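Report on the structure given below.
The values are calculated or read from the model by the stated rules, or taken from the named source; none is laboratory data. Please read all numbers here as calculations on a predicted model, not as lab measurements. We place every Cβ from the backbone using ideal geometry, glycine too, and count neighbours over all the protein chains shown.
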């Protein structure tokens, strides 16, 4: 029984070792006709982050507009004015965070793509 287990284990290990070159070469030879993007992971992540930061910026600007409308329609009511000021402050913070994220993403992209060492 012990010998059977060893022989099965050896056959699994040797079979996986024989497949390693084919698995490693798969990244260099994409199949034809798959319509998959041929972009790097860094570029895909950058595109996703740019899209998310643009969405956050647009939501922040829309929130700022809604806060302005709330402020205009408050008609002197202190609680509604306070609500509008809080909404305006949070929307400004959202736009600042989106811009800071864009700057951080540009910085990280330049640092990872640069060839100059420290």
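The residue pairs whose first member lies in segment 48-77 and is modelled with pLDDT under 85, whose second member is surrounded by 14 or more Cβ atoms within 10 Å (Cβ to Cβ) and part of a loop (DSSP other than H, G, I, E, B), and whose beta carbons are closer than 6 Å, counting only pairs six or more residues apart or on different chains, do not exist in this structure.
Of the set (1) surrounded by 14 or more Cβ atoms within 10 Å (Cβ to Cβ); (2) more than 26 Å from the chain's Cα centre (by Cα); (3) in a helix (DSSP H, G or I), all apply to residue 99 but (2). For segment 62-75, how many residues meet the condition of being surrounded by fewer than 14 Cβ atoms within 10 Å (Cβ to Cβ) and closer than 13 Å to residue 96 by Cβ? Selection size over segment 62-75: 0.
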